[in-house]
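Undergrad: I am attaching a structure below and will ask some questions about it afterwards.
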Amino acid sequence: MTTFKEIRGNLIKSTSTDPANPQEGQIWYNSTSQVLKGEELLEAWSAGGNMNTARTTLAGAGTQTAGLGFGGYSPILSSSESYNGSAWTTTPNLNTARRVIMGTGLQTSALAFGGLGAPGISTNLTATELWDGSTWTNNPTGLPVANSGGGTSGTQTAALMFGGNSYKTTTVSFDGSNWTAVPGTLNTGRANLTGCGTQTASLAFGGTTGTITGATELYDGTSWTSNPTGMNTVRSALAGCGTQTAALGFGGYSPPGTTLQGATELYDGTSWTSSSASMSTARYNLASAKNGTQGSALAFGGFITAVTAATEEFTATPTTRTFTTS
């Protein structure tokens with residue numbers, strides 16, 4: 001029979017008090033209370049307040065309790081909204097209405113760029129705008145190449161964009177004023193992917209190459225490295241947040257056809273693990289608070305059978321459990 005030591009690589013320790021900072025999966029015997037205990041991560045999605053304007057192919061910034069959503073389609077939109085952890089408030093508009101827009105940053109210092117705009121809402125854009133918490137301002141210089149549907153990471157003054165329309169492999173960085181083509185191209189050129197992390201430690205995952213993929217790549221500021229194992233559920237038009245070593249991916253669509261996804265996955269820097277919690281509203285072309293964490297995420301907007309205003313909050317809480325017999 002397989003022992004716990006063979007599975008975990010360590011014995012179950014006997015201790016008179018519970019560990020001060022137990023790790024997920026850790027098990028111990030409390031000799032004082034004479035019970036066997038273990039640490040697990042309780043994962044759950046819960047409903048937040050609906051956006052004021054239902055929309056799809058939008059972008060997001062901020063955190064779970066201080067989020068920002070902007071642009072998108074319902075039809076093509078310039079409007080933006082801020083989230084305080086329970087409700088959305090309409091904020092001043094973008095200067096350029098657009099869908100399949102890209103963005104990153106915080107609620108008070110966000111970055112919006114690219115996307116599809118007029119005429120015919122099908123023209124790729126280079127336009128870049130900066131948000132200071134009250135006003136969107138056009139940046140004098142835009143993207144080097146017009147783009148939409150790329151992955152993003154970082155902050156308003158240290159952002160990264162990768163991939164995008166026509167299955168691009170290129171990577172460009174933003175320093176708060178200018179965009180610059182940087183070394184390193186994606187190993188898998190793709191569109192409708194997502195990303196997270198920082199400008200020099202980014203993670204790219206999901207998307208489509210013409211075929212939907214779960215491919216995952218890590219960026220070190222110079223080059224992209226393919227992770228041998230991709231997402232458990234291949235998907236495109238998904239959302240995500242977190243860091244290169246603690247990321248969260250959710251939503252999107254998968255084959256066959258357009259199968260809506262609510263499935264959620266956690267990444268530890270090496271591999272993806274399927275969460276026990278799925279989104280209440282499966283959807284694609286949604287947005288996330290880009291600087292949320294693996295344990296505190298915000299998802300909003302997207303498309304189901306129509307555009308949606310639905311908002312959901314993800315939490316992962318470490319909890320000590322007592323084992324009992326039955």
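Undergrad: Hey, does the stretch 275-284 have a residue that's among the aromatic types (Phe, Trp, Tyr), crowded, with 18+ Cβ neighbours inside 10 Å and farther than 30 Å from residue 18 by Cβ?
TA: So the first thing to find is which residues in the stretch 275-284 are among the aromatic types (Phe, Trp, Tyr), and the list is 284.
From what is left, the residues that are crowded, with 18+ Cβ neighbours inside 10 Å are 284.
Cutting the leftovers down to farther than 30 Å from residue 18 by Cβ gives us 284.
Looking for residues that are among the aromatic types (Phe, Trp, Tyr), crowded, with 18+ Cβ neighbours inside 10 Å and farther than 30 Å from residue 18 by Cβ, one finds at least one in the stretch 275-284, hence yes.
Undergrad: OK, next. Return the residues of the stretch 196-225 that are out of contact with any Asp or Glu (no Cβ under 7 Å at 6 or more places or on another chain) and either acidic (Asp, Glu) or closer than 18 Å to residue 166 by Cβ (or both); say none if nothing qualifies.
TA: Across the stretch 196-225, the qualifying residues are 206, 207, 208, 209, 210, 211, 212, 213, 215, 217, 220.
Undergrad: Quick one: how many residues across the stretch 35-76 are at pLDDT 95 or above and among the basic types (Lys, Arg)?
TA: The qualifying residues number 1.
Undergrad: While we're here: Could you list all residues from the stretch 283-326 that are modelled with pLDDT under 95, small (Gly, Ala, Ser) and not in a strand (DSSP E or B)?
TA: First, pick out the residues of the stretch 283-326 that are modelled with pLDDT under 95: 316-326.
From what is left, the residues that are small (Gly, Ala, Ser) are 316, 326.
Result: 326, single match.
Undergrad: Just to be sure, is residue 186 at pLDDT 95 or above and under 15 Å from the mean Cα position of the chain (by Cα)?
TA: Numbers: at pLDDT 95 or above: yes; under 15 Å from the mean Cα position of the chain (by Cα): no.
So residue 186 fails the test.
Undergrad: Quick check on the stretch 94-102. Is at least one of its residues in a strand (DSSP E or B), modelled with pLDDT of 95 or more and of a type outside the set (Phe, Trp, Tyr)?
TA: Within the stretch 94-102, the first condition is being in a strand (DSSP E or B), and the residues that meet it are 99, 102.
Subset that is modelled with pLDDT of 95 or more: 99, 102.
Retained after the next criterion (residues that are of a type outside the set (Phe, Trp, Tyr)): 99, 102.
Among the residues of the stretch 94-102, at least one is in a strand (DSSP E or B), modelled with pLDDT of 95 or more and of a type outside the set (Phe, Trp, Tyr), which makes the answer yes.
Undergrad: Which one of 60, 67, 72 is within 28 Å of residue 93 (Cα to Cα), touching an Asp or Glu at 6+ places or on another chain (Cβ under 9 Å) and small (Gly, Ala, Ser)? Step through it out loud before you land on a result.
TA: Numbers: 60 fails: touching an Asp or Glu at 6+ places or on another chain (Cβ under 9 Å); 72 fails: touching an Asp or Glu at 6+ places or on another chain (Cβ under 9 Å).
After ruling out the rest, the residue left standing is 67.
Undergrad: Could you give every pair whose Cβ atoms fall below 9 Å, whose first residue belongs to the stretch 124-136 and is in contact (Cβ under 8 Å) with a residue 60 or more places away in the chain, and whose second residue is loosely packed, with under 12 Cβ neighbours inside 10 Å, counting only separations of at least 6 or pairs across chains?
TA: From the stretch 124-136, the pairs are 131/137.
Undergrad: Those residues that are more than 22 Å from residue 90 (Cβ to Cβ), assigned to a loop (DSSP other than H, G, I, E, B) and in contact with a Gly (Cβ under 9 Å, 6 or more places away or on another chain), I need them from the stretch 107-138; list them, please.
TA: Across the stretch 107-138, the qualifying residues are 114, 126.
Undergrad: Scanning the stretch 189-224 for residues that are over 19 Å from the mean Cα position of the chain (by Cα) and of a type in the set (Ser, Thr, Tyr), which turns out nearest to residue 151 (Cα to Cα)?
TA: In this case the residue turns out to be 209.
The values are calculated or read from the model by the stated rules, or taken from the named source; none is laboratory data. Quick caveat: nothing in here was measured; it's all calculated off a predicted structure. Here Cβ is always computed from backbone atoms with ideal geometry, including for glycine, and neighbour counts include all displayed protein chains.
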